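Colleague: Handing you a structure now.
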Amino acid sequence: MELHELGIKAAQEGLAKGEFSSEDIVRAVIDRVHAADGKVGAYLTFDEDGALALAKANPRSVPIAIKDLINVAGQPCTCGSKILKGYVSPYDATVVKNLKANGFIPAGRVNMDEFAMGSSTENSALGVTRNPYDLSRVPGGSSGGSAAAVGGDLCIAALGTDTGGSIRQPASFCNCVGVKPSYGRVSRFGVTAFASSLDQVGPMTKSVEDAAILLKALAGHDEMDGTTPKDPVPDYPAMIAGSSLKGVKLGLPKEYFNVGGLDPEVKRVTEEAIRRCEEQGAEIVEVSLPHTEYAMAVYYIIAPAEASANLARFDGVRYGHRSAKAVDVMSLYMKSRAEGFGPEVKRRIIMGTYVLSSGYYDAYYGRAQKVRTLVKRDFDEAFKKVDALLTPCAPTPAFKLGELQDPLTMYLNDLFTIPSALAGVCAASVPSGATAAGLPVGVQFICGGFEETKLLGICRAFEEATGRVTPPRAV
Ligand code: GLN
């Protein structure tokens, strides 16, 4: 095995035994990026000298690729947007501090949909990212660069963020493990905000054990983020060792299976996954999440509303792009924003501003908050009956670049990941097999809030029962 192919666990073991150094791993990743990323386009920037210097100074550390909305001091942080061109982060996000304190170093910045709005990475203003399993297809999004880098062995592991599915859906498309932690499990300080009541940073890795190791490093209380409770972080990797599916109650939400847009191959792979869980001794029960049908509408009110407020700070004064055509302060704001933001971001800002405006606030935003509570209660009720939910992760495998032109069709990709995001519970996508055409398909497991130990244990046992099916790759 070459060093760039290693996962976190194998890298840590080799480092501990002195088989290679951190510098060797970083060099191997850099060589791999030079050799293959011209075709994939996972990375936006890679400070090679900086990463090598960090590896030299921390000889047992493992390099991690960083989604380009997480601040690393001294590095660019574009969020996939022209508006942040030239911006250099003045400080480390808490997750980056946590990485460094736990034997990891940030190495390379990976592409994403602009401000994490999208499901294909095609909304990036800075370049195209392709799926390493089929270069004519998207890697998913918004953490498409992270998923392509992990799935293409262009890194050891990566950080992504998930607001409505942006870790899980690209993980499903690129054959990697992606975990969206419970809301509040991981600090958001220093992570450019999209929708503050939904955003979470999480691991994107080559195995469930790697995800457990990385999540343990990321998670925990942070004085700079009031949503992170003081609960101690469990030793996830130790606690999931030897986990099994025996006697585990898995719920199949019926609303997730009778969906028109569910691709028959995804359905087949998911049904196989269910059978495999049964063989391992899991008990399968049907459950209902009756408010599922409203989740999409609720999300597309709440997320744009929060985004419209969060993105107000990009005004041409404090960060990045400043219009050269401005003649006064108002035109400075308007022209800088008109020139800097892409079409999807503008659409969200307009929708968000509308649903928050006086006269519409109660009818849209206020109501959406109430329905969000109903969606959350569905999950509370389900978890009284079952340990976890098993669902398809995305309704389709990776689609072709340029295939989905209509924003609403793009939004439908997150049908199965949005409800759990609204509920704030934890969820993961685990590779489950491939379509007849050889495209990876992930299955989603969902557990209650702060039940990451249970979630990762189930995922690990599933992964072990499935074996790692790796369809042929294009790079
Ligand atoms: N695709 C969804 C959106 O466009 C979710 C994005 C995300 O989770 N960041 O909003």
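The values are calculated or read from the model by the stated rules, or taken from the named source; none is laboratory data. No experiment lies behind these values; they were computed from the predicted model shown. Cβ: placed from backbone, ideal geometry, glycine included. Neighbour counts: every protein chain shown. The accessibility values were calculated without ligands, DNA or RNA, using every heavy atom of the protein model including side chains. Shrake-Rupley method; radii C 1.70, N 1.55, O 1.52, S 1.80 Å.
Colleague: Considering the range 221-251 alone, what residues qualify as being farther than 20 Å from PRO181 by Cα and buried (at least 17 other Cβ atoms within 10 Å of the Cβ)?
Modeller: LEU245, VAL248
Colleague: Of everything in the range 183-213, what is of a type in the set (S, T, N, Q) and surrounded by 23 or more Cβ atoms within 10 Å (Cβ to Cβ)? Give them in sequence order.
Modeller: Listed by number, the residues that qualify are SER187, THR192, GLN200, THR205.
Colleague: Do we have GLU451 as farther than 18 Å from ASP162 by Cα and of a type in the set (Asp, Glu) here?
Modeller: So GLU451 fails the test.
Colleague: So which helices (runs of 4 or more DSSP H) are wholly in the range 373-475 and hold at least 2 residues that are in contact with a Cys (Cβ under 8 Å, 6 or more places away or on another chain), open to solvent by less than 40 Å² (accessible area, probe 1.4 Å) and modelled with pLDDT of 95 or more?
Modeller: Of the helices (runs of 4 or more DSSP H) lying wholly inside the range 373-475, those with at least 2 residues that are in contact with a Cys (Cβ under 8 Å, 6 or more places away or on another chain), open to solvent by less than 40 Å² (accessible area, probe 1.4 Å) and modelled with pLDDT of 95 or more span 452-466.
Colleague: For the range 254-287, give me each residue that is small (Gly, Ala, Ser), without any contact (Cβ under 8 Å) to a residue 40 or more places away in the chain and farther than 26 Å from GLU344 by Cβ.
Modeller: GLY281, ALA282
Colleague: Is it the case that VAL179 is open to solvent by 10 Å² or more (accessible area, probe 1.4 Å) and aliphatic (A, V, I, L, M)?
Modeller: Judged against the criteria, VAL179 is not a match.
Colleague: OK, next. Run PRO106 past the list (1) under 18 Å from VAL201 (Cβ atoms); (2) touching a Gly at 6+ places or on another chain (Cβ under 8 Å); (3) crowded, with 24+ Cβ neighbours inside 10 Å and report the number of the one that doesn't hold.
Modeller: Unmet for PRO106, out of (1) under 18 Å from VAL201 (Cβ atoms); (2) touching a Gly at 6+ places or on another chain (Cβ under 8 Å); (3) crowded, with 24+ Cβ neighbours inside 10 Å: (2).
Colleague: Does GLY80 meet the test of being closer than 14 Å to VAL191 by Cα, modelled with pLDDT of 95 or more and open to solvent by less than 30 Å² (accessible area, probe 1.4 Å)?
Modeller: Spelling it out, GLY80 is indeed closer than 14 Å to VAL191 by Cα, modelled with pLDDT of 95 or more and open to solvent by less than 30 Å² (accessible area, probe 1.4 Å).
Residues checked against (1) within 16 Å of the ligand (Cβ to nearest atom); (2) in contact (Cβ under 8 Å) with a residue 40 or more places away in the chain; (3) closer than 22 Å to ASP113 by Cβ; (4) in contact with a Gly (Cβ under 9 Å, 6 or more places away or on another chain):
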site	(1), (2), (3), (4)
MET330	no, no, no, no
LYS335	no, no, no, yes
MET351	yes, yes, yes, no
VAL355	yes, yes, yes, no
SER358	no, no, no, no
TYR361	no, no, no, no
VAL375	yes, yes, no, no
LYS385	no, yes, no, yes
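Colleague: Restricting the range 43-58 to residues that are outside any loop (DSSP other than H, G, I, E, B) and not hydrophobic (A, V, I, L, M, F, W, C), which is surrounded by the fewest Cβ atoms within 10 Å (Cβ to Cβ)?
Modeller: That would be ASP49.
Colleague: Ok, one more. What residue, among those in the range 287-325 that are touching a Gly at 6+ places or on another chain (Cβ under 7 Å) and open to solvent by 30 Å² or more (accessible area, probe 1.4 Å), is farthest from the ligand (Cβ to nearest atom)?
Modeller: ARG322
Colleague: Looking only at the range 17-42, count how many residues are basic (Lys, Arg) and open to solvent by less than 70 Å² (accessible area, probe 1.4 Å).
Modeller: Counting residues in the range 17-42 that are basic (Lys, Arg) and open to solvent by less than 70 Å² (accessible area, probe 1.4 Å) gives 1.
Colleague: Further question on the same structure: I want to confirm something. Restricting to the range 327-338 and keeping residues that are in contact with a Ser or Thr (Cβ under 7 Å, 6 or more places away or on another chain) and more than 25 Å from SER196 (Cα to Cα), which single residue is least open to solvent (accessible area, probe 1.4 Å)?
Modeller: Here the answer is LEU332.
Colleague: Restricting attention to the range 198-229, which residues are within 16 Å of the ligand (Cβ to nearest atom) and either in contact with a Leu (Cβ under 9 Å, 6 or more places away or on another chain) or charged (D, E, K, R) (or both)?
Modeller: LEU198, ASP199, VAL201, GLY202, PRO203, MET204
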